[in-house]
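The values are calculated or read from the model by the stated rules, or taken from the named source; none is laboratory data. Worth saying up front: this structure is predicted, and the values here are computed from it rather than measured. Ideal geometry is used to build each Cβ from the backbone, glycine not excepted, and the neighbour counts take in all protein chains shown.
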Amino acid sequence: MATAVPRPRRYEKPSRRDETLSHIPVDRESEREALVSMLEAAFCKGPQEIRDGLRNVVARTRGGELLKEGGSNPASDVSLLCNFKDDIGRTALHYACLGRRPVNAEWILKACPVIVNYEDSTGETALMKSCRAGDVVIVNILLHFDADVDARSQTGITALHLAAESGDEACVKALLDAGAEVNCFSEISGSPLQYAVMNNHYGATEELLMRGANPNYPFNDASTKPPTFPPALVFACNMRQDAIAELLLVHKADPNIRDQNNWTALQCAAESGSYRATEALLEAGADPDVVTQGVTAFDLAMQNENWAIADLLKDKTCLLLGAGSAFEALQEARQKRREMQDTARKMTAREGQQQVDDAMKAKADGDAFSGAGDFALAAAKYTQALELMPDNPTLKQARATLYASRSMMYLSMGDLESAERDAELATELDPLWSKGYAAKARVYKEREQFDEYTKQLYEACKRQTTKDEELIAELKEAIAISRRNQDPGRPEGPPTVVEING
């Protein structure tokens, strides 16, 4: 990638002698209307409207007079786009990004490449706006035009902070691929990793960690002033983000890290009720005997009636403050833990049934699209149903049905490889189900492999629980076709029992 274009410096108000278009004030109402019209075109219209808007705004400002004096043609000089901004410094490129208009953004950048790193009054660039919106298409366009990936706003945030905040993994990856500093940090704003964790974005958190984000920085750096935000692990435990807490620990987060007020991740997990995080922290070596403001993690669990966590911590905590009340509650803690486990099992069962219901709804939608002849949408709905359907032995036939249905959609779209794969999965899941073999048969028929087609039809007929006359008739016809292929001179006749039985 080429060297990033330096940020335009902020100029003092020029003298009349040095006046140029980049310093043109927009004072009169007619000038303001023209500017608004051009920026609106960048936000929600197209390149031609932007060009027309620029022509109009140049003609109505002091800039037009200056260009005429210099012999320029304002109507054609689209490179002037960077000189017109709204009251808070946003250019047409900012507006194209805010409106998620990649065509406009690319047109503006080709016309005026220097605009790529212009900042608004808060110090935000167009790249930051696109990352906040999670628009990876425009992000890649801006990066192609050498957008500065490490530019900082007035609060110290970078584009990577905003991509992490939005949770868009594609934007995070694009910025890191372009060389963004993964551990960029400011005292006010913290790090991109903290932004991802604070917004509960598991995928963005994982991407940052895999690309070198340090979950302990800058809290493990004595030379750095502690930031406003807590360490990522402390925040995850405080907000009951068990999966993210486990992920951070896998990537070497310090299990004994503390925030500015000296609270540990274990204390936060015990207080908030994060059972899995508590288990993971203890396994990683978290110290349960840390006392902050007079309480341990065990005390916090007891105070907040997180009985299962209290039961988990009681044998690991040497310093049991308020031991009398703690031990009086111990039996209750164990009972509560059993109750929580029972509740969790019931909730899992209910959630499983909800997943089945959602999957069957998606299947019904797929059946409707199939009946209407929209095979692509039907296949998509069957795929959605398969993703929703729990993968357990009691639902094998339901999953087999979905694979067989999707196989028929792929067959209708001419994707024989996918159709065969799904039909094979259907018969593997439920070897006794007739329609899985029928689906396989249709694939072989389309490939004109009539012997295999006939065999699969026979397997389907053999497994019928109720007699299907159409399937039997299809088998007889397949046998007749196979017989003709083997002996073209043989006279026509009904298939024999031997033929039907292979």
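Some points to look at:
- Residue in segment 98-118 that is over 19 Å from Leu80 (Cα atoms), touching a helix residue (DSSP H, G or I) at 6+ places or on another chain (Cβ under 9 Å) and part of a helix (DSSP H, G or I) present: yes
- Every residue from segment 161-191 that is part of a helix (DSSP H, G or I) and among the β-branched types (Val, Ile, Thr): Val172
- Check on Gly123, surrounded by fewer than 22 Cβ atoms within 10 Å (Cβ to Cβ) and within 17 Å of Glu207 (Cβ to Cβ): no
- Restricting Glu351, Glu328 to residues that are modelled with pLDDT under 65, of a type in the set (D, E, K, R) and over 37 Å from the mean Cα position of the chain (by Cα) narrows the list to Glu328.
- Counting only helices (runs of 4 or more DSSP H) that sit completely within segment 435-502, those holding 3 or more residues that are modelled with pLDDT of 70 or more, aliphatic (A, V, I, L, M) and at negative phi correspond to 469-486.
- Verdict on Thr278 being touching a strand residue (DSSP E or B) at 6+ places or on another chain (Cβ under 8 Å) and either surrounded by fewer than 21 Cβ atoms within 10 Å (Cβ to Cβ) or on the phi < 0 side of the Ramachandran plot (or both): no
- Lone unmet requirement of (1) out of contact with any helix residue (DSSP H, G or I) (no Cβ under 7 Å at 6 or more places or on another chain); (2) free of Cβ contacts under 8 Å to residues at least 40 places away in the same chain for Phe185: (2)
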